[in-house]
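Notes for the one structure printed next.
The values are calculated or read from the model by the stated rules, or taken from the named source; none is laboratory data. Note that the structure is predicted; figures quoted are calculated from it, not measured. Cβ placement follows ideal geometry from the backbone for every residue including glycine, while neighbour counts extend to all protein chains displayed. Remember, those area values only see protein heavy atoms, side chains included, never the ligands or the DNA or RNA. Shrake-Rupley method; radii C 1.70, N 1.55, O 1.52, S 1.80 Å.
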Amino acid sequence: MRYSANAEQRLAGASEAAGRDVLLEAHGIVKSYGRRRVLNGVDLVVRAGEVAAIVGSNGAGKSSMLKICAGLLSPDEGRVTISGRLGYCPQNAGVMGFLKPREHFTLFGSGRGMSRREADRRGRELAAGLDWSVDRTTLAKDLSGGTRQKLNVVLSALGDPEVLLLDEPYQGFDRGSYVDFWQNVWHWRDAGKAIVVVTHMLNQLDQVDHVLDLTPGRQEAGR
């Protein structure tokens, strides 16, 4: 089998990652909606310095799995263990329309023990990493869909969480912002974070450490 240079680097780092701390462990996750079971005994382990992608067809339970990992949805069976602080980015922009982005930075930052000045500075730094220059006047409700998603990504990363759960966070991004997003993911991985990304962009799967395929009949994680 031939591997790309990126794949060879991942394989070379696999043994090193195996000795790192497990930051997210989901075991035996089962979830049903009425008579419809979407998750059937799903396992996922992500260590420090690893990226996992969750893929699958529409309705396969990708967002449900991420919400269960974030503690926003209870599984019918199974358990999730998170070590460290958690950042979560929803698929649909859940920001507050009548607050400005920098007010979001202050609000979310204070909840993570950051001063107003620190939260504002760090929020603008993270935004710049997504090619977004934050102004002082625009309300969140007046941002484009893609920019609201950038705001969600920034808020998920404020406070330097050890675990990042990102649910198709690039919705509405242009090509450049999409590339910038993945560059941020690689940077977070290099910093020792555990990142889980729900994605339908299969061209990035050769650059992640684990793929959890929730397509019915294929609920397994691979490398």
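Numbers below:
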| quantity | calculated |
| --- | --- |
| Helix 116-128 vs. the chain, principal-axis angle (Cα, 0 to 90°, nearest 10) | 60 degrees |
| Spherically averaged projected area of the chain from its Cα convex hull (nm²) | 12.9 nm² |
| Within segment 78-156, trypsin sites (Lys or Arg not before Pro) in DSSP loop having at most 10 other beta-carbon neighbours inside 10 Å | ARG136 |
| Relative contact order %, the chain, counting alpha carbon pairs below 8 Å whose residues are six or more apart | 29 percent |
| Choice from VAL197, VAL154, VAL179 showing the highest fluctuation, given a GNM over the chain with Cα pairs closer than 10 Å | VAL179 |
| Within the chain, helix-based [θ] at 222 nm, where runs of 4 or more DSSP H residues each add -39,500 (n - 2.57), nearest 500 | -10500 deg cm²/dmol |
| C-alpha long axis of helix 101-111 to longest principal axis of the chain, angle in ° | 60 degrees |
| The chain - accessible surface per residue (Å², probe 1.4 Å) | 50 Å² |
| Residue among HIS187, GLY123, GLY145 farthest towards the positive dipole end of the chain, charges placed on Cβ | GLY145 |
| Within a Gaussian network of the chain (alpha carbon springs, distance under 10 Å), most fluctuating of TYR170, TYR33, TYR88 | TYR33 |
| Three-way shape label, segment 94-209, alpha-carbon gyration tensor, a/c 1.5 | oblate |
| Spherically averaged projected area in nm², based on the convex hull that wraps the Cα atoms of segment 50-111 | 6.2 nm² |
| Percent of beta bridges antiparallel (DSSP, the chain, rounded to nearest 5) | 50 percent |
